[in-house]
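S.K.: This structure is in structure tokens; I'll ask about it shortly.
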Number of protein chains: 2
Amino acid sequence: MPKTKIYLDNNATTPLHPRVRKKMINTMDVFGNPSSLHQFGREARSLIQNARRDIADFINADPDEIIFAGSGSEANNTVLSMLTCPSKPCTIRSEQKPHVITTEIEHPCILETASCINQTAEVDYLGVDELGKIDLKELKRKLKNNTILVSVMMANNEIGTIQEIKKITEIVKQHGSLMHTDAVQAVGKLPADVKDLDVDYLSMSAHKIYGPKGIGALYIKNGAPFCPFIRGGHQEKGRRAGTENTMGIIGFGEAIRLRKEEMLSEEKRLKKLRQKLKTGLENNIKKIKFIGDQEDTLPNTLNVAFYGVEGESILLYLDNAGIAVSTGSACSSGSTKPSHVISATGLEQEYIHGSIRISMGRNTTEEDIDYTIETFTKVIQKLRSFTTFNNETEK
Amino acid sequence: MPKTKIYLDNNATTPLHPRVRKKMINTMDVFGNPSSLHQFGREARSLIQNARRDIADFINADPDEIIFAGSGSEANNTVLSMLTCPSKPCTIRSEQKPHVITTEIEHPCILETASCINQTAEVDYLGVDELGKIDLKELKRKLKNNTILVSVMMANNEIGTIQEIKKITEIVKQHGSLMHTDAVQAVGKLPADVKDLDVDYLSMSAHKIYGPKGIGALYIKNGAPFCPFIRGGHQEKGRRAGTENTMGIIGFGEAIRLRKEEMLSEEKRLKKLRQKLKTGLENNIKKIKFIGDQEDTLPNTLNVAFYGVEGESILLYLDNAGIAVSTGSACSSGSTKPSHVISATGLEQEYIHGSIRISMGRNTTEEDIDYTIETFTKVIQKLRSFTTFNNETEK
């Protein structure tokens with residue numbers, strides 16, 4: 001194990017904020033079942049309500065519009081699964097086969113669910129341009145009479161590109177369809193105001209913003225149709241069964257409350273670091289490409305592709321040098337297929353296998369970035385020395 | 001708030017075992033995404049695999065047969081939802097409309113899901129006798145050609161009655177159907193050996209056995225058909241998407257490992273306390289009935305009904321005196337309907353609204369039980385003094 005530990009994979013997950021950690025430890029002994037009527041239950045219930053309020057505050061929602069989930073993936077599955085709910089009184093289903101529109105660059109928890117429901121629902125996918133943005137005209141063309149739901153992610157986990165959710169929602173609502181956004185990577189890195197965005201559903205996750213793993217949340221606009229995904233007890237006003245993950249919820253609440261304090265200054269700082277990293281890599285290494293929109297981007301995310309080398313080799317060499325990055329989403333790691341997101345941007349074959357996601361966080365320092373630039377330079381040089389790249393480029 | 005804090009609602013949830021608490025705090029800084037290939041990911045992955053092994057060990061399964069879930073409710077939903085999976089390649093579906101058999105006394109997460117899938121599947125419910133046991137002959141009668149799945153809980157959360165899962169499974173397997181047991185209340189209070197029981201699916205939860213909330217697990221026998229409930233990333237070998245709840249999983253593993261050490265001596269101790277409590281209440285209070293099987297029962301659970309009083313009033317008076325009990329499952333608390341479990345046992349109307357579940361735990365002492373008997377005696381006397389009960393019984 002190298003002594004250096006530079007963690008540049010904050011889009012995969014983040015360490016607990018020390019104050020989240022502290023709050024979770026301090027409330028670990030509040031163990032009552034939040035549904036219980038006695039003092040032990042009331043104590044837990046009240047902490048959960050505080051956390052719900054903090055989350056609602058952050059996105060300008062009412063606390064009642066927030067339900068908790070076991071992950072961002074569960075929140076996303078919840079929305080899409082409404083379309084295939086076998087229960088009759090489900091409010092979202094129409095007589096016609098429902099039509100859903102999503103994009104080619106969504107997270108697998110949207111894409112896999114979409115592909116799974118395609119027996120019961122009709123699914124259309126929007127492509128993206130080379131910056132990773134969808135085309136609003138294509139969206140307009142694809143909206144149909146039976147389009148019930150449109151689901152477009154707010155910011156992409158692999159390349160950082162931010163979609164124009166407000167404009168998209170305007171089109172979707174004008175058509176009379178429902179709008180969902182997977183904001184797992186966006187909320188807490190960027191501001192998000194559900195009243196301004198006007199979305200019907202929005203998914204979030206704690207562990208992307210220095211909160212615990214195993215807890216997500218779904219915003220459901222007051223009055224929007226809803227059908228529970230996990231059924232059973234009357235928790236979350238009958239919208240999500242299962243004993244509440246009190247500790248996780250408390251951690252989520254604290255994490256998002258702290259983002260409110262830290263996010264804006266962090267955004268500035270990370271943008272500078274991102275620029276420094278980009279310039280450093282560009283200056284030192286030939287034949288590289290930066291993927292995704294370089295303006296409308298998550299401030300912490302830089303996705304860079306190197307001509308003629310394998311991303312996984314880069315990752316392993318960096319890991320040996322104590323730097324953690326990823327080749328795409330952690331959810332797909334181990335796969336040899338090129339990322340579906342990067343493929344969708346139309347990146348050339350010579351680059352597509354050599355892409356690396358560098359995602360910084362609140363612990364990332366300037367020194368980390370200096371060391372990272374230096375190490376990348378050496379690693380790419382070494383890897384390319386194994387191939388004919390140098391000779392080729394000298395020609 | 002009273003100074004006394006006697007927690008007798010351990011079937012709703014339990015406090016963290018101090019060693020679980022310690023282990024969770026000690027590993028809180030292992031934050032990598034378990035799917036990541038770098039050192040941070042490997043560290044988390046290895047802790048998760050240890051926990052999986054501890055859980056598998058406890059029920060005599062292979063680690064690969066265990067997947068994690070966000071709750072026992074999710075695990076139960078996962079099994080039942082396979083029957084309505086909209087995806088074509090799903091292995092559990094037949095050409096015929098599938099038939100499922102469950103019981104009238106299951107947890108709401110089974111009953112609500114069963115009622116939800118009843119458009120796509122045919123559902124039959126087994127009744128119970130006055131002890132809360134199902135009738136094996138009725139099961140045999142109800143098995144049909146298209147019976148795909150039978151789901152019977154191992155031990156009831158409200159009345160403690162234990163079903164003869166091994167015998168039930170024998171009948172189900174002879175018929176060629178799949179067998180699921182909701183063992184959320186049983187595993188860790190009682191031993192459970194999946195090889196001996198021969199079930200195909202078994203649901204568990206950490207927070208019933210001094211582990212954290214927000215984490216459950218599902219045993220899936222090697223080779224049993226399976227279809228994921230939460231879809232997306234390839235976590236849990238493609239069987240349950242979403243970043244793993246590392247902290248929760250570690251806590252679950254430690255909790256179940258400790259049950260292996262403590263369960264048998266605790267079982268003995270709790271049986272004695274249960275008997276003491278039962279005798280005390282019987283001696284002091286007229287017209288009471290103990291519900292459920294008094295032999296084949298969870299050792300920690302005593303469900304007692306008082307003639308002519310309201311369970312919720314008892315609960316509130318006890319809460320004021322610092323004792324936490326419940327009227328049924330926490331998942332249904334706040335509801336004015338009598339418990340579906342107690343109704344299913346055919347308890348007389350005069351008792352049905354006056355039932356209280358007392359569920360002890362590893363922190364329960366003899367002194368707690370003395371104080372509880374004393375307080376119950378006073379509270380029931382007081383509540384009955386508000387009614388005509390005393391006069392009536394003097395006649």
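S.K.: Relative contact order for chain A: what is it in percent, counting Cα pairs under 8 Å that are at least 6 residues apart?
M.R.: Numbers: 760 pairs, mean separation 92.2, N = 395.
Contact order relative to length: 23 percent.
S.K.: So, one more: For region A:95-119, list whatever residues lose no less than 50 Å² of accessible surface once every protein chain is in place, relative to that chain by itself, with the probe at 1.4 Å.
M.R.: A:CYS116, A:GLN119
S.K.: Given 25 °C and 0.890 mPa s, compute D for region B:39-198 with the Stokes-Einstein relation, Rh being the Kirkwood radius over Cα pairs; round to the nearest whole µm²/s.
M.R.: Numbers: Rh = 16.8 Å.
The Stokes-Einstein estimate is 146 µm²/s.
S.K.: I've got another one for you. Report, to the nearest whole %, how much of the accessible area of the protein assembly as shown belongs to carbon and sulfur atoms, 1.4 Å probe, protein only.
M.R.: Details: 13930 of 29300 Å².
Carbon plus sulfur share of accessible area: 48 percent.
S.K.: What net charge is computed for the residues neighbouring B:LYS271, neighbours being all others with C-beta under 11 Å from the C-beta of B:LYS271, Lys and Arg scored +1, Asp and Glu -1?
M.R.: Numbers: positive: B:LYS268, B:ARG269, B:LYS272, B:ARG274, B:LYS276, B:LYS278; negative: B:GLU266, B:GLU267, B:GLU295.
After counting each charged neighbour, the total is +3.
S.K.: Search the structure for amide H atoms under 5 Å from the amide H of A:ILE358, placed 1.01 Å from N in the peptide plane, and list their residues when 5 or more places away or on another chain.
M.R.: Sorted by chain and number, the residues that satisfy this are A:LEU302, A:ASN303, A:VAL304.
S.K.: Within the set A:LYS237/B:LYS213; B:LYS213/B:LYS237; B:LYS133/B:LYS237; A:LYS97/A:LYS137, which residue pairs have Cα atoms separated by over 27 Å?
M.R.: Values: A:LYS237/B:LYS213 19 Å; B:LYS213/B:LYS237 23 Å; B:LYS133/B:LYS237 37 Å; A:LYS97/A:LYS137 24 Å.
In this structure, B:LYS133/B:LYS237 lie more than 27 Å apart at Cα.
S.K.: If you plug each phi of region B:192-209 into the Karplus form 6.51 cos²θ - 1.76 cosθ + 1.60 with θ = phi - 60°, what whole-Hz ³J(HN,Hα) values come out, in order, with x for Gly and Pro?
M.R.: Result, ordered by residue: 8, 10, 5, 5, 6, 6, 6, 6, 8, 9, 8, 9, 9, 8, 7, 6, 8, 10 Hz.
S.K.: Roughly what would the spin-label model give for A:ARG53 and A:LEU131, points 7 Å off Cα along C-beta, in nm?
M.R.: My value for the distance between the label points is 4.1 nm.
S.K.: Still on this structure, please answer the following. Taking amide H positions as placed 1.01 Å from N in the peptide plane, with prolines and chain starts having none, which residues 5 or more places from B:THR161, or on another chain, fall under 5 Å of its amide H?
M.R.: Distant-sequence amide H within range of B:THR161: B:ASN156, B:ASP293, B:LEU298.
S.K.: Here's something else I'd like to know. How much net charge surrounds A:TYR351 when only the other residues with a Cβ under 11 Å from the Cβ of A:TYR351 are counted, with Lys and Arg +1 and Asp and Glu -1?
M.R.: Values: positive: A:LYS287, A:LYS289; negative: A:GLU348, A:GLU350.
Residues close to A:TYR351 contribute a combined charge of 0.
S.K.: While we're on this one: Can you report the principal axis dimensions of region A:275-379 using only the alpha carbons, biggest first, rounded to whole angstrom?
M.R.: 33, 32, 28
S.K.: Moving to a separate point now. Using +1 on the beta carbon of Lys and Arg, -1 on that of Asp and Glu, and nothing else charged, what's the dipole of region A:18-258 about the Cα centre, debye to 20?
M.R.: Details: 30 positive and 29 negative charges, 110 e Å.
Value, rounded to 20: 520 debye.
S.K.: Counting pairwise Cα distances across chain B, what percent come out greater than 27 angstrom? Before the final figure, lay out each step's value.
M.R.: Working: 39773 of 77815 pairs.
That tail contains 51 percent of the Cα-Cα pairs.
S.K.: Provide the three semi-axes, in whole Å and in decreasing order, of the ellipsoid equivalent to the protein assembly as shown as defined by the square roots of 5 times the Cα gyration tensor eigenvalues.
M.R.: Details: eigenvalues 485, 153, 123 Å².
They are 49, 28, 25 Å, listed from largest to smallest.
S.K.: Continuing with the same structure: Please give me the summed charge of the neighbours of A:THR27: other residues whose Cβ is under 11 Å from its Cβ, Lys and Arg +1, Asp and Glu -1.
M.R.: Working: positive: A:LYS22, A:LYS23; negative: A:ASP29, A:GLU43, A:GLU254.
Once all neighbours under 11 Å are counted, the net charge is -1.
S.K.: Then there's this: Rounded to the nearest 100 Å², what is the sum over both chains of accessible area buried where A meets B, with a probe of 1.4 Å? Don't jump to the answer; show the numbers that get you there.
M.R.: Numbers: alone 17690 and 17660 Å², together 29300 Å².
Adding both sides of the contact gives about 6100 Å².
S.K.: Then there's this: Can you list residues from other chains, or at least 5 along the same chain, whose modelled amide H is less than 5 Å from the amide H of A:ALA69?
M.R.: Hits under the 5 Å cutoff: A:GLY216, A:ALA217, A:LEU218.
S.K.: Compare A:PRO18, A:PRO98, A:PRO228 in a GNM of chain A, Cα atoms joined below 10 Å, and give the one with the largest fluctuation.
M.R.: Highest fluctuation among the options: A:PRO18.
S.K.: I would also like to ask the following. With heavy atoms of protein chains only and a 1.4 Å probe, what residues of region B:38-72 have at least 10 Å² less accessible area in the full set of chains than alone?
M.R.: Hits at the 10 Å² cut-off: B:HIS38, B:GLN39, B:PHE40, B:ARG42, B:GLU43, B:GLY70, B:SER71.
S.K.: Restricting to chain A, what percent of DSSP beta bridges are antiparallel, rounded to 5? Write out the running numbers ahead of the final one.
M.R.: Details: 21 of 39 bridges.
About 55 percent, rounded to the nearest 5.
S.K.: Same structure, new question: Considering only Cα-Cα distances, which of the following residue pairs are longer than 19 Å: B:LYS167/B:LYS278; A:LYS189/A:LYS287; A:LYS287/A:LYS378; A:LYS142/A:LYS195; A:LYS144/A:LYS221; B:LYS5/B:LYS268? Each step should come with its number before you reach the end.
M.R.: Details: B:LYS167/B:LYS278 30 Å; A:LYS189/A:LYS287 30 Å; A:LYS287/A:LYS378 15 Å; A:LYS142/A:LYS195 25 Å; A:LYS144/A:LYS221 23 Å; B:LYS5/B:LYS268 24 Å.
Cα-Cα > 19 Å for B:LYS167/B:LYS278; A:LYS189/A:LYS287; A:LYS142/A:LYS195; A:LYS144/A:LYS221; B:LYS5/B:LYS268; rest within.
S.K.: Hey, got the average number of other protein chain Cβ atoms within 10 angstrom for residues in B:225-238?
M.R.: Values: counts 0, 0, 1, 4, 5, 14, 15, 17, 11, 8, 4, 0, 0, 1.
Across B:225-238, the average partner-chain Cβ count within 10 Å equals 6.
S.K.: What does the structure give for B:304-311 when I average, per residue, the other chain Cβ atoms found within 10 Å of the residue Cβ?
M.R.: 0
S.K.: Expressed as a fraction of 2.2 N^0.38 Å, the rule-of-thumb size for a compact globular protein of N residues, what is the C-alpha radius of gyration of region A:121-272? Walk me through the numbers on the way to the answer.
M.R.: Values: Rg = 16.8 Å, N = 152, 2.2 N^0.38 = 14.8 Å.
Here the answer is 1.13, to two decimals.
S.K.: Can you put A:LYS272, B:LYS260, A:LYS166 in order of accessible area, largest first, using a 1.4 Å probe? Each step should come with its number before you reach the end.
M.R.: Values: A:LYS272 155, B:LYS260 125, A:LYS166 95 Å².
Largest accessible area first, the list is A:LYS272, B:LYS260, A:LYS166.
S.K.: What order, most packed first, do the peptides A:355-366, B:313-324, B:367-378 have when packing is the mean number of other Cβ atoms within 10 Å of each residue? Present the calculation step by step, with values, prior to reporting the outcome.
M.R.: Working: A:355-366: 22.1, B:313-324: 19.7, B:367-378: 17.2.
Highest mean packing first, the order is A:355-366, B:313-324, B:367-378.
S.K.: In addition: For the protein assembly as shown, what is the accessible area per residue in Å² when the probe is 1.4 Å? Show your work: numbers first, answer last.
M.R.: Values: 29300 Å² over 790 residues.
Accessible area per residue, the protein assembly as shown: 37 Å².
S.K.: Can you give the calculated 222 nm mean residue ellipticity of the protein assembly as shown, where each DSSP H run of n ≥ 4 adds -39,500 (n - 2.57) and the sum is split over every residue, rounded to the nearest 500 deg cm²/dmol? Numbers along the way, then the final one.
M.R.: Values: 28 runs with 318 residues, N = 790.
Per the formula, -12500 deg cm²/dmol.
S.K.: Taking accessible area as the heavy-atom solvent-accessible surface of the protein chains with a 1.4 Å probe, which residues of region A:244-269 lose no less than 20 Å² upon going from the isolated chain to the full protein assembly?
M.R.: In region A:244-269, residues shielded by partner chains: A:ASN245, A:MET247.
The values are calculated or read from the model by the stated rules, or taken from the named source; none is laboratory data. In this text, all values refer to a predicted model and were calculated from it rather than measured experimentally. Reconstructed Cβ throughout: ideal geometry from the backbone, glycine too, with neighbour counts over all protein chains shown. Side chains are part of the model used for accessible areas, which takes the heavy atoms of the whole protein and leaves out ligands, DNA and RNA. Shrake-Rupley method; radii C 1.70, N 1.55, O 1.52, S 1.80 Å.
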